[in-house]
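Since every read-out is calculated from the coordinates, none of them should be taken as a lab result. Fair warning: this is a prediction, and the values are worked out from it, not measured in the lab. Glycine also receives a Cβ, built like all others from the backbone with ideal geometry; neighbour counts cover every protein chain displayed.
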Amino acid sequence: MFLENTVNQKEQFGWIEVICGSMFSGKTEELIRRLKRAQFAKQKVEIFKPAIDVRYDEEMVVSHDSNEIRSTPVPAAANIPILADGCDVVGIDEAQFFDDEIVRICNDLANKGIRVIVAGLDMDFKGNPFGPMPNLMATAEYVTKVHAVCTRTGNLAQYSFRKSANDSLVLLGETDEYEPLSRAAYYKATMREKIKNINVEDPQQIDTNPEASNG
């Protein structure tokens, strides 16, 4: 877990906290909780999210449990440093949708003494590391991995299984598009999809007379 007070109070550097996990794991809920605590402590807080994320609201960061906090939508990570000037705490939601520049920007903010709290998916729907998240997790002081509950087994879930046939890497959606699955359930589900998509030739369509075809 992260520490909000460093041992050496003379050190003016900030730090990075990353909250990661699958869909429906409570990442945004935890981000909002930490940011609201900072606001209650009268710290100057700014929250950012990708402009493409308009699922619940164009400006608010909203969790699946309808908890919310006002944010500033930005089209690219490069917009954040100017808007974050003079802040004590910077929150960033859905960090996986930002370009790789977000890693340098988060580190620059932390080096200026700002506490940076980042939330995002650590894996995409194919089970691969998502965008800049691996590098953010590597350079962060504190990483919290949260889990959802598998809809098929009831075990802890860390995978975001896409139920639709859309193969785009970025697809905003909720329970109609995604479900959280455990490793075993995700493996079985992906294998079923692969088998379903195998093209099996109709025996009646196979030419059984090679001489005729050569003629």
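Out of all DSSP beta bridges in region 15-146, what portion is antiparallel? Express it as a percent rounded to 5. Spell out each step's value before the answer.
Working: 4 of 27 bridges.
Counting DSSP beta bridges with both partners in region 15-146, the antiparallel share is about 15 percent.
Compute the relative contact order of region 15-146 as a whole-number percentage, counting only Cα pairs closer than 8 Å that sit 6 or more residues apart in sequence. Before the final figure, lay out the partial values.
Numbers: 261 pairs, mean separation 50.5, N = 132.
Relative CO of region 15-146 lands at 38 percent.
Å³ per residue of the Cα convex hull, for region 15-146? Mind showing how you got there, number by number?
Details: hull volume 12.4 nm³, N = 132.
Looking at region 15-146, the number lands at 94 Å³ per residue.
Would you tally the net charge around residue 185, using a Cβ to Cβ cut-off of less than 14 Å, leaving residue 185 out, and scoring K and R as +1, D and E as -1? Could the numbers behind the result be given before it?
Working: positive: 152, 162, 163, 183, 188, 192; negative: 179, 193.
Residues close to residue 185 contribute a combined charge of +4.
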